[in-house]
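Encoded as structure tokens, the structure appears first; notes follow it.
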2 protein chains.
Amino acid sequence: MRVLGVDPGLTRCGVGVVDGAPGRALAMVGVGVLRTSAEEETPRRLVLIERGIDAWLDEHRPQAVAVERVFSQHNVRTVMGTAQASAVAMLCAARRGLPVALHTPSEVKAAVTGSGRADKTQVGAMVARLLRLDGPPRPADAADALALAICHIWRAPAQDRLRRAAAALRPEGTTAP
Amino acid sequence: MRVLGVDPGLTRCGVGVVDGAPGRALAMVGVGVLRTSAEEETPRRLVLIERGIDAWLDEHRPQAVAVERVFSQHNVRTVMGTAQASAVAMLCAARRGLPVALHTPSEVKAAVTGSGRADKTQVGAMVARLLRLDGPPRPADAADALALAICHIWRAPAQDRLRRAAAALRPEGTTAP
């Protein structure tokens, strides 16, 4: 399975592509950061992020996209930009029919370090170890994007089983709430 | 000047097109609400909103798009969906090179009713009066979209003058912060 992880943001949007499957070795396919200037107006910044994400999807053809789930409890000043950038990432993926999964920061940290309260250094170190890199990817947004992709590769099979089990329990013809 | 107003939302996204100029009569060109089901996943809902906005832009060819400015102080549960839908509206407009203006709810209320604290009923009544409609557009999201377009038609010239004045005061070669 090839997954594009996206750590959304207007100023820095981390993108990382990982190949792997649960119980097998992971391989980094690519990593980068899309940057837009705070001097540009938001609509233009969103267009630049759309072009960047589309270019990554075109080049690496992932089978799924994992985006960090944004919480409105975060820093009020930055949360709107994060929500807007994540909307663009979800849109680019869904337009191509790609499945989109959202994972919370603590799910991602727990997946790669074993603790949902791990700090950036720990996440970067584990991403480097799991992908056999010489050092933690920089900036942190790039490491976070790779961590999201790894988290998705490991969590997706369990999530699928849960979804199928829930569907089997529901009366026929009904849909999830 | 023809303006598309967008009152963003995932469940109901109001859209309204108005023709007019400051000091001249206004005319409603079209009004509607894009709806997506809460049973759909967010990425799919964003694709449906994108298609809807693109269809309105194709059909009515506005010269500018006015979108409600989203504040993160709003209801925490709904603000993320609103931010995501507004990102899609801004993206659709900016992709075509259309200018996008953001107006706050109180700017819009003040523009059409004279008071930034007017309620929904007052806004609906004034939108109906200004556009010579038989009654307030329903639902409120449709009336709000028209109010945004009216607000933009009236505020845009003053905003342009301010922008030009600010640019003239700045040393050459610098840009806005």
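Rule-based calculations on the coordinates, nothing more; no lab input. No experiment lies behind these values; they were computed from the predicted model shown. Counting neighbours? That spans all protein chains shown, and the Cβs are built from the backbone with ideal geometry, glycine included.
Mind pulling up the Rg/Rh value for the protein assembly as shown? Radius of gyration and Kirkwood radius, both on Cα.
Here the Rg-to-Rh quotient is 1.03.
Calculate the FRET efficiency for B:Asp134 and A:Gln63 from the Cβ-Cβ distance with a Förster distance of 41 Å, rounded to the nearest 0.05.
Taking R0 as 41 Å, the efficiency between B:Asp134 and A:Gln63 is 0.20.
Among bridges DSSP assigns within the stretch B:2-169, what percent are antiparallel (round to 5)?
65 percent
Express in % the proportion of alpha carbon pairs of chain B at distances exceeding 21 Å.
48 percent
What does the helix-only formula give at 222 nm for the protein assembly as shown: each DSSP H stretch with n ≥ 4 adding -39500 (n - 2.57), the total divided by the residues, and the result rounded to the nearest 500 deg cm²/dmol?
Roughly -17000 deg cm²/dmol at 222 nm, from the helical runs in the protein assembly as shown.
Please identify every one of the GluC sites (Glu not before Pro) in the stretch B:1-53 that sits in a loop by DSSP and has no more than 13 other beta carbons within 10 Å of its own beta carbon.
Those satisfying the criteria are B:Glu39.
Which distance in nm do the two modelled labels at A:Ala27 and A:Arg2 give, with both placed 7 Å along the Cα-to-Cβ direction?
Between A:Ala27 and A:Arg2, the simple spin-label model gives 1.1 nm.
At q = 0.16 Å⁻¹, what log₁₀ I(q)/I(0) does a Debye calculation on the Cα points of the stretch A:1-99 give, no solvent, two decimals?
-0.65
Considering every Cα-Cα pair within the stretch A:93-177, what fraction, in whole percent, is farther apart than 18 Å?
52 percent
Please list, by residue number, every one of the trypsin sites (Lys or Arg not before Pro) in the stretch B:97-177 that is coil in DSSP and has at most 11 other beta-carbon atoms within 10 Å.
B:Arg117, B:Arg132
If I model a spin label at B:Ser106 and A:Glu41 as a point 7 Å from the Cα along the Cα→Cβ vector, what separation in nanometres do I get?
Taking the two extended label points, one gets 2.3 nm.
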